[in-house]
Amino acid sequence: AAFGLVTPPVGKYQAVGSLRLFGNYNWNQVTRDFQFLSVTPSVVGMRTPFKALSYGLKAEGTYTSKNTVDASTTATGNNFSSYSLTGDIGPLVRYDVTPSTRLVFEATWRPKSYFQDALSGDTRRTGMGFLARASASYTRSAYLNLTGYVSLEQDVPQGSAYQFIGPGAGIANAMYLTDKLTLSPLIDFTRPVYSQTKLPERIDSYYSFRVTAQYALATHWSLLADVGYVYNSSTVPATFQYNRELASLGATYFF
């Protein structure tokens, strides 16, 4: 579920705030300890938002709790406890090349705290990360609204096992099928290199294929649906190679 608030764009500045809620449920009882609940407040402030060149600052934080139940037995109930607190803070610049073409550049600092980390060792994930991303969007018609991006991400946790740097890229197309229904296929790819791991060095290739749908129920409410497939190949396949099918339903409310 999501809630959003936008200030009137009548002056030099505009703020966009949102609050997103997420939870997943695993029907397979032995994977109950991979159930999460999260809340993500965010705000973006822009100067001269309706000029060709605008810039601003974004800030977002996510608190996540994890089901720490003993999944080996069905006799116990759920037991959610604090798992992580992460942030995304940084500037962004937007430039409208033409009325139908927009470029966006952003850089993000990502502090991270994982409350269930070991007190010491290579597997500690608490630390920080960085992301640089450039994207371009092009609008041609109701059925052609392309957005593509390239990125470079680095993660610098306190433990060496999860330190990585890697490029990413993706493309999406929003199709406005009716005045109420929007359908968007998306493809994403990342290739993180975990340079501190040896014999072998861990290199992953992450592919994500998704289709999202948004249907306007009323003036402020929309229904959201998402289906997807994820495949992660790895040079350490026994531990890190997997595939996953995903589906979710949600709702969003805009004031």
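The values are calculated or read from the model by the stated rules, or taken from the named source; none is laboratory data. All of these numbers come straight from a predicted model, not from anything done at the bench. Every residue, glycine among them, receives a Cβ derived from its backbone with ideal geometry; neighbour counts consider all protein chains shown. Side chains included, ligands, DNA and RNA excluded: accessible areas come from the protein's heavy atoms. Shrake-Rupley method; radii C 1.70, N 1.55, O 1.52, S 1.80 Å.
Give the cross-link partners of Lys198 among the aspartates and glutamates, using a straight C-alpha distance below 20 Å as the criterion and excluding same-chain residues fewer than 8 apart.
Within the straight-line limit of under 20 Å, Lys198 reaches these aspartates and glutamates: Asp122, Asp155.
Once label points are set 7 Å from the Cα along Cα→Cβ at both Gln154 and Phe240, what is their separation, rounded to one decimal in nm?
For Gln154 paired with Phe240, the spin-label model returns 1.8 nm.
Which length gain, in nm to one decimal place, applies between Tyr207 and Phe189 when the Cα-Cα distance is subtracted from 0.36 nm times their residue separation? Write down the numbers at each step before the final one.
On the way: separation 18, 0.36 × 18 = 6.48 nm, distance 0.48 nm.
Stretched fully, the Tyr207-Phe189 segment lengthens by 6.0 nm.
Using a 1.4 Å probe on the protein chains only, how many percent of the accessible area of the chain belongs to carbon and sulfur? Let's see the in-between values first.
On the way: 9680 of 15210 Å².
Accessible surface attributable to carbon and sulfur in the chain totals 64 percent.
Can you quote the Å³ per residue value for the convex hull of the Cα atoms in the stretch 33-85, rounded to an integer? Provide the component values of the computation, followed by the final result.
On the way: hull volume 4.6 nm³, N = 53.
In the stretch 33-85, the Cα convex hull volume per residue is 87 Å³.
Calculate one ³J(HN,Hα) per residue across the stretch 140-146 by plugging θ = phi - 60° into the Karplus curve 6.51 cos²θ - 1.76 cosθ + 1.60, and present them in order as whole Hz with x for glycine and proline.
Once rounded to whole Hz, the list reads 10, 7, 4, 9, 10, 9, 7.
Between Ser82 and Tyr143, what's the calculated FRET efficiency when r is the beta-carbon distance and R0 is 41 Å? Round to 0.05. Before the final figure, lay out the partial values.
Working: r = 44 Å, r/R0 = 1.08.
Efficiency, rounded to the nearest 0.05: 0.40.
Report the charge-dipole magnitude of the chain in Debye, nearest 20, computed about the Cα centre from +1 at each Lys and Arg Cβ and -1 at each Asp and Glu Cβ.
Working: 21 positive and 16 negative charges, 117 e Å.
Charge dipole, the chain, about its Cα centre: 560 debye, nearest 20.
Do the sum for the chain: with -39,500 (n - 2.57) for every DSSP H run of n ≥ 4, divided by all residues, what is the mean residue ellipticity at 222 nm, to the nearest 500 deg cm²/dmol? Let's see the in-between values first.
Working: 1 runs with 4 residues, N = 255.
About 0 deg cm²/dmol.
What's the FRET efficiency of Asp226 with Phe130 using the Cβ-Cβ distance as r and R₀ = 22 Å, to the nearest 0.05? Don't skip to the end; give the middle numbers.
On the way: r = 27 Å, r/R0 = 1.25.
Once the sixth-power term is evaluated, E becomes 0.20.
Two decimals is fine: what is log10 I(q)/I(0) at q = 0.13, 0.14, 0.15 Å⁻¹ for the chain, from a Debye sum with one equal scatterer on every Cα and no solvent?
Results for the chain at q = 0.13, 0.14, 0.15 Å⁻¹ read -1.08, -1.27, -1.47.
Across the stretch 188-255, what fraction of all alpha-carbon pairs, as a whole percent, falls in each successive 5 Å bin from zero upward?
For the stretch 188-255, the binned pair fractions read 4, 15, 19, 14, 12, 11, 9, 8, 6, 3, 1, 0 percent.
Rounded to the nearest 0.05, what FRET efficiency is calculated for Leu217 and Gln196 with R0 set to 35 Å and r the Cβ-Cβ distance?
On the way: r = 49 Å, r/R0 = 1.39.
Efficiency, rounded to the nearest 0.05: 0.10.
Over the chain, average the accessible area per residue using a 1.4 Å probe and give it in Å², no decimals. Don't jump to the answer; show the numbers that get you there.
Values: 15210 Å² over 255 residues.
Accessible area per residue: 60 Å².
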